[in-house]
Amino acid sequence: MLKKLFGRKNQSNKDNESENFSDLLKNIDSENMPRHVAIIMDGNGRWANGRGLIRSAGHTAGVKALKRALNAAIDFKLEALTVYAFSTENWKRPTAEVDFLLKLFSDYLEKELNEMDQKNVHIDFIGRVDGFSPGLQAQMDDARKRTENNTGVRFTVAVNYGGQDEVVRVAQALAREVKMGSCQPEDIDAKLFESHLDTKGLPAVDLLIRTSGDMRLSNFLIWQSAYAEFWFTDTNWPDFTKEDLAEAIVDFSKRDRRFGGLSNQK
Ligand code: IPE
Ligand code: IPE
Ligand code: MG
């Protein structure tokens, strides 16, 4: 049945193709759906450049794309969506751009929190949130607390996040536990390690999407993506639509995930 549907891709018109992906998604078995989708939302600057606009216009447009992506995740009944909003390396950018991004993030939380709460979204944040102003930290705490009992999509925003930084913090926490005597070095295994990650409680990343043509992780979810399927698109993040997400999920559903074992496909 699925093979028959996937084979049916002969439309040249992009809109028709997009409709096709949304239709296909309705036919995907739940076991072929990703539980956890992670997105590296890249290309805001290039989107703005291409239109003769300043980079901040690209970031503003990127927020609209984020809203679309979250609504799509709700429609597609994804269990978890994690997005990369600001990396530990992004502090290298000019102060004016960093300030703009942080203000945009704060405005986004202020404007969208009610609607996200009404849509049963469970919001969380990963990364070194203690690197932010007390005001922004309070906003994030508020969003987290207000939505912690929501049972819909788990929406995680990675801010001041770096995968290596996260792994180092886990190593420090475990070293402290060993020093205090509450655990022994040989007690440390992947499960214990994972329970100390910022993403504890979330399933591993199944599908990792990066927009804008670059094919790298840029320090995102390095532990959690160990067996993720990667999906890249040349589309810049501000142009990313629900149909692009549908296309990525349809593609994911066709992959043969072997996890080091042998194929289950006949
Ligand atoms: C992604 O877009 C947003 C952040 C990294 C915060 P960029 O700002 O990296 O856009 P490009 O890669 O320069 O086009
Ligand atoms: C990754 O994008 C970080 C975010 C999307 C927040 P970058 O634009 O910072 O990545 P590089 O510098 O191209 O690797
Ligand atoms: Mg970039």
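The numbers here are math on the coordinates, done by the rules we state, and not lab data. Since this is a predicted model, take the numbers as computed values, not measurements. Here Cβ is always computed from backbone atoms with ideal geometry, including for glycine, and neighbour counts include all displayed protein chains.
Here residue 63 meets the list (1) of a type outside the set (S, T, N, Q); (2) in contact with a strand residue (DSSP E or B) (Cβ under 7 Å, 6 or more places away or on another chain); (3) crowded, with 18+ Cβ neighbours inside 10 Å almost entirely, failing just condition (2).
You will find that of 212, 218, 225, the residue that is outside any helix (DSSP H, G or I) and surrounded by fewer than 18 Cβ atoms within 10 Å (Cβ to Cβ) is 218 and no other.
Given the conditions (1) in contact with a helix residue (DSSP H, G or I) (Cβ under 9 Å, 6 or more places away or on another chain); (2) of a type in the set (A, V, I, L, M, F, W, C); (3) more than 30 Å from residue 254 (Cβ to Cβ), and given that residue 180 satisfies all but one, which numbered condition is not satisfied? Condition (1) is where residue 180 drops out. Taking every residue in region 42-60 that is farther than 16 Å from residue 84 by Cβ and polar (S, T, N, Q) and pairing it with any residue that is within 11 Å of ligand 3 (Cβ to nearest atom) and assigned to a helix (DSSP H, G or I), at least 6 positions away or on another chain, the pairs with Cβ-Cβ distances below 8 Å are 49/55; 49/58.
Of the residues in region 239-247, none is of a type in the set (Gly, Ala, Ser) and surrounded by fewer than 21 Cβ atoms within 10 Å (Cβ to Cβ).
Residue 149 meets each of the listed conditions (1) under 26 Å from residue 204 (Cα atoms); (2) under 17 Å from the mean Cα position of the chain (by Cα) apart from (2).
Residue under question is residue 81, and the condition is that it be of a type outside the set (Val, Ile, Thr) and under 30 Å from residue 23 (Cβ atoms); does it hold? Yes: the conditions hold for residue 81.
Regarding region 88-97, can at least one residue be identified that is crowded, with 20+ Cβ neighbours inside 10 Å and either under 20 Å from the mean Cα position of the chain (by Cα) or within 24 Å of residue 225 (Cβ to Cβ) (or both)? Within region 88-97 (the criterion being crowded, with 20+ Cβ neighbours inside 10 Å and either under 20 Å from the mean Cα position of the chain (by Cα) or within 24 Å of residue 225 (Cβ to Cβ) (or both)), the answer is no, since none of the residues qualifies.
Among the residues of region 73-84, those that are more than 10 Å from the chain's Cα centre (by Cα) and buried (at least 23 other Cβ atoms within 10 Å of the Cβ) comprise 73, 78.
Residue count for region 36-68, restricted to those that are touching a helix residue (DSSP H, G or I) at 6+ places or on another chain (Cβ under 8 Å), within 22 Å of residue 252 (Cβ to Cβ) and away from ligand 3 (no atom under 11 Å from the Cβ): 5.
Evaluating residue 221 against the criteria (1) within 16 Å of ligand 1 (Cβ to nearest atom); (2) under 22 Å from residue 199 (Cβ atoms); (3) out of contact with any strand residue (DSSP E or B) (no Cβ under 6 Å at 6 or more places or on another chain) leaves one unmet condition, (3). Given the criteria loosely packed, with under 13 Cβ neighbours inside 10 Å and closer than 23 Å to residue 164 by Cβ, does residue 130 qualify? Yes, satisfied.
One line per residue, one yes/no per condition, for (1) among the aromatic types (Phe, Trp, Tyr); (2) in contact (Cβ under 8 Å) with a residue 40 or more places away in the chain; (3) more than 16 Å from ligand 3 (Cβ to nearest atom); (4) under 26 Å from residue 33 (Cα atoms):
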{"position": "167", "(1), (2), (3), (4)": "no, yes, yes, no"}
{"position": "182", "(1), (2), (3), (4)": "no, no, yes, no"}
{"position": "188", "(1), (2), (3), (4)": "no, no, yes, no"}
{"position": "193", "(1), (2), (3), (4)": "yes, no, yes, no"}
{"position": "197", "(1), (2), (3), (4)": "no, no, yes, yes"}
{"position": "207", "(1), (2), (3), (4)": "no, yes, yes, yes"}
{"position": "210", "(1), (2), (3), (4)": "no, yes, no, yes"}
{"position": "214", "(1), (2), (3), (4)": "no, yes, no, yes"}
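Based on what the data block shows, is residue 76 away from ligand 2 (no atom under 15 Å from the Cβ) and of a type in the set (A, V, I, L, M, F, W, C)? Judged against the criteria, residue 76 is a match. Taking the criterion of being more than 10 Å from ligand 2 (Cβ to nearest atom), part of a helix (DSSP H, G or I) and buried (at least 19 other Cβ atoms within 10 Å of the Cβ), the residues of region 36-54 that qualify are 47, 48.
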